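The values are calculated or read from the model by the stated rules, or taken from the named source; none is laboratory data. Keep in mind the model is a prediction, meaning the values are calculated, not measured. Note: ideal-geometry Cβ built from the backbone for every residue, glycine included; neighbour counts use all protein chains shown. Quick note on the areas: whole protein, heavy atoms, side chains included, nothing else; ligands and nucleic acids left out. Shrake-Rupley method; radii C 1.70, N 1.55, O 1.52, S 1.80 Å.
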Amino acid sequence: MSEITAKNVMLAVGNSMMGDDAAGPMLYDLMQENPVDGWIAINGGSAPENVAHQVRALKPERLLIVDAADIGLNPGEIRIIDPDDIAEMFIMSTHNLPLNFLIDQLKEDIREVIFLGIQPDLVAFYMPVNEKVTSAVQQVYAALPDWQDLGGFTLFEGEEDDSDIM
């Protein structure tokens, strides 16, 4: 039996039962229904540390972690968040272990670890996913086949939504 490896792995993080926190698992489902060449998807749910061994076993060159991240922007906005900034940022988390611990651990074995956050609108039990978040998930999915660097997405630099300042 040959060892399965993948150049690119997408690790979905989030809880499908918690409204917009389902962004990561929604991308996972999309990738299961319509696989993307060169990518393997793993659903880490709300305890992604439990699948870290699966990610490592695939020996990816690039790991894309996708999660809902409350970074103060409009719902559905997408940002790449520097893993080194996650610890300092107050990112609302529904996860057992802070993501920066997991990312630091995975960076020991994986050359490129990218954290992509999708701004949620509402994270609450049994709420539907906001259409802007659904659209953002589809945007990320569409970017996967030709992913280079940050996948065409913007690096988060602490900007705040100023649409209500006027």
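So how much slack lies between Phe125 and Asp29, counting 0.36 nm per residue of separation and subtracting their Cα-Cα distance, in nm? Present the calculation step by step, with values, prior to reporting the outcome.
Values: separation 96, 0.36 × 96 = 34.56 nm, distance 1.93 nm.
Separation in residues times 0.36 nm, less the Cα-Cα distance, equals 32.6 nm.
May I ask for the longest run of the chain untouched by chymotrypsin sites (Phe, Trp or Tyr not before Pro) that are loop-located per DSSP and have at most 10 neighbouring C-beta atoms (other than their own) within 10 Å?
Details: sites that count: Phe90, Phe125, Tyr126.
Formally, the longest exposed-site-free interval is 1-89.
Relative to the Cα centre, what is the charge dipole magnitude of the chain, using +1 at the beta carbon of each Lys and Arg, -1 at the beta carbon of each Asp and Glu, and rounding to the nearest 20 debye?
Numbers: 8 positive and 29 negative charges, 156 e Å.
Dipole magnitude for the chain comes out near 740 debye.
For the chain, the longest piece that avoids every one of the GluC sites (Glu not before Pro) found in DSSP loops with at most 10 other C-beta atoms within 10 Å covers 4-87.
For the chain, which span is the longest to avoid every loop-located (per DSSP) member of trypsin sites (Lys or Arg not before Pro) having at most 14 other Cβ atoms inside 10 Å? Longest gap between qualifying sites, sites excluded: 8-110. The accessible surface of the chain, taken with every protein chain in place and a 1.4 Å probe, is 50 percent carbon and sulfur. From its DSSP helices (H runs of at least four residues, each -39,500 (n - 2.57)), the chain gives a residue-normalised ellipticity at 222 nm of -7000 deg cm²/dmol. Taken as Cα centroids, the range 109-129 and the range 17-84 sit 7 Å apart, rounded to the nearest whole angstrom. Which of Val36, Pro75, Val13 sits farthest toward the positive end of the charge dipole of the chain, with +1 on the Cβ of Lys and Arg and -1 on the Cβ of Asp and Glu? Positive-most Cα among the choices belongs to Val36. Going 7 Å from the Cα of Asp37 along its beta-carbon direction, which residues of the range 119-153 have the amide nitrogen within less than 13 Å of the resulting point? Backbone N within reach: 145-147. A 1.4 Å probe run over the protein chains yields, for the range 3-87, 38 Å² of accessible area per residue, whole-number rounding. Bridge orientation summary for the chain: considering DSSP beta bridges with both residues in this region, about 20 percent are antiparallel. Once C-alpha pairs closer than 8 Å and six or more residues apart are averaged by separation and normalised to the residue number of the range 8-146, the relative contact order reads 36 percent.
Compute the accessible area per residue over the range 114-159, keeping the other protein chains in place, probe 1.4 Å, unit Å². Walk me through the numbers before you get to the answer.
Working: 2620 Å² over 46 residues.
On a per-residue basis, 57 Å².
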